[in-house]
1. Please give me, ordered by residue number, the GluC sites (Glu not before Pro) of segment 168-230 that lie in loop per DSSP and have at most 15 other Cβ atoms within 10 Å.
2. Most mobile of 293, 55, 171 per a Gaussian network model of the chain (Cα springs, under 10 Å)?
3. Taking H placed 1.01 Å from N in the peptide plane, check which residues at least 5 places from residue 37 or on another chain put their amide H under 5 Å from its amide H.
4. Between 290, 168, 119, which gets the highest mean-square fluctuation from a Gaussian network model of the chain, Cα cutoff 10 Å?
5. Normalised by the residues of segment 6-251, what does the relative contact order come to in percent, with Cα pairs under 8 Å and at least six apart?
6. Only one of the listed values, (i) -0.54, -0.66, -1.57; (ii) -0.69, -0.79, -1.25; (iii) -0.59, -0.72, -1.41, was derived from the coordinates as log10 I(q)/I(0) by the Debye sum over Cα atoms at q = 0.10, 0.11, 0.16 Å⁻¹; which label is it?
7. Relative to the present Cα-Cα distance, how much length would full extension add between residue 57 and residue 127 at 0.36 nm per residue of separation?
8. In which sequence would 178, 195, 81 go, from the one with the fewest C-beta neighbours within 10 Å to the one with the most?
Amino acid sequence: MENTGLLYGFYFVENDKAISIENHEKVDITSSSWLHFDYSLADTQAWLENESELSPIVVNALISEETRPRATIVNDGILISLRGVNLSPNSDPEDMVSIRLWVEKNRVVSTRKRPLLSVTDIVSDLQHGQGPNSPAQLIVQLTERLMARMTDTINDLEDKVSVIEEEVLASENYSSRSVLADLRRQVISLRRYLSPQREAMQQLLSEKISLFSSEEKIRLREVTDQLIRFVEDLDSIRDRAGVTQEEVTNRLNEQMNNRMYVLSIVAAVFLPLGFLTGLLGINVGGVPGVDNSNAFGLFVLFLVVVVIVQVWLFRRNKWF
């Protein structure tokens with residue numbers, strides 16, 4: 001196994017501690033084992049194509065750059081692609097990390113490009129004499145850990161949308177609009193992968209797959225139910241975020257309309273006043289009151305009367 005891109009390898013021993021496989025060892029592919037590779041390495045691709053004894057369809061699926069969650073029966077095995085939230089430092093959870101697995105009765109071959117903490121947890125358990133002791137148990141524990149790590153992310157999104165809803169209802173501060181837009185983007189991205197992953201989990205429960213025992217299928221069903229709840233929660237968060245954004249937009253439009261209404265009233269009040277002052281301010285002969293010392297006061301009084309009449313007409317017509 002020298003220079004194969006192998007990250008982790010273990011032989012499963014029933015009711016006993018798993019035996020670690022080092023990178024330089026020759027692997028007995030007939031023994032119950034788990035081999036985990038970095039598919040981006042050329043050595044990994046060469047081993048899968050030349051030494052793994054896997055069909056070209058399976059090899060292509062394990063090294064494919066782009067993939068969506070699925071579970072497909074191929075001959076006597078299952079080709080599984082799953083995704084987990086990206087909890088690495090300085091990363092976005094919705095940038096989900098993929099893992100591809102080929103599962104047979106006595107062997108699991110998995111590949112990834114970026115580290116997945118759920119896999120790291122299982123490796124740590126195996127190194128300490130715990131963890132799964134068969135390929136089927138490995139799949140069950142992997143799916144359980146993937147769901148467990150998604151819980152905090154989904155709950156965090158629910159908390160964020162609740163805080164934004166409270167801010168919008170309790171105050172007129174709409175500075176959280178950018179946060180709301182980013183929240184909706186995260187939800188859409190997460191649901192994009194969790195929805196097909198739900199279908200993949202349901203496929204694992206198919207009667208055609210005899211790899212899992214009754215107890216393991218019960219655990220897979222619990223994982224599937226949890227995943228379904230996650231998808232439903234994401235739908236709820238998306239709808240709540242959409243309603244909140246509509247409320248923010250309506251309130252902003254209402255504020256704008258109120259301001260435009262006030263400006264319109266002010267303009268309507270001063271329009272006749274401006275017309276009268278402009279008319280009497282022209283520098284031509286015949287302007288009334290030029291020779292009368294009381295003309296200015298009388299004109300101001302006339303303008304006040306005009307304003308009073310306008311206000312009365314506006315109120316009568318219920319314009320304000």
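1. Answer by residue number: 172, 207.
2. 293
3. 7, 110, 111, 112
4. Sorting by GNM fluctuation, first place goes to 290.
5. Working: 352 pairs, mean separation 47.9, N = 246.
The normalised contact order for segment 6-251 reaches 19 percent.
6. (ii)
7. Working: separation 70, 0.36 × 70 = 25.20 nm, distance 3.19 nm.
Extra length from residue 57 to residue 127 when fully extended: 22.0 nm.
8. Values: 178 9, 195 17, 81 21.
Ordered by Cβ neighbours within 10 Å, fewest first: 178, 195, 81.
A short reminder: the numbers here are calculations on the coordinates, not readings from a lab. From a predicted model like this one, the values you see are computed outputs, not experimental measurements. All Cβ positions, even for glycine, are placed from backbone atoms using ideal geometry, and neighbour counts span all protein chains on display.
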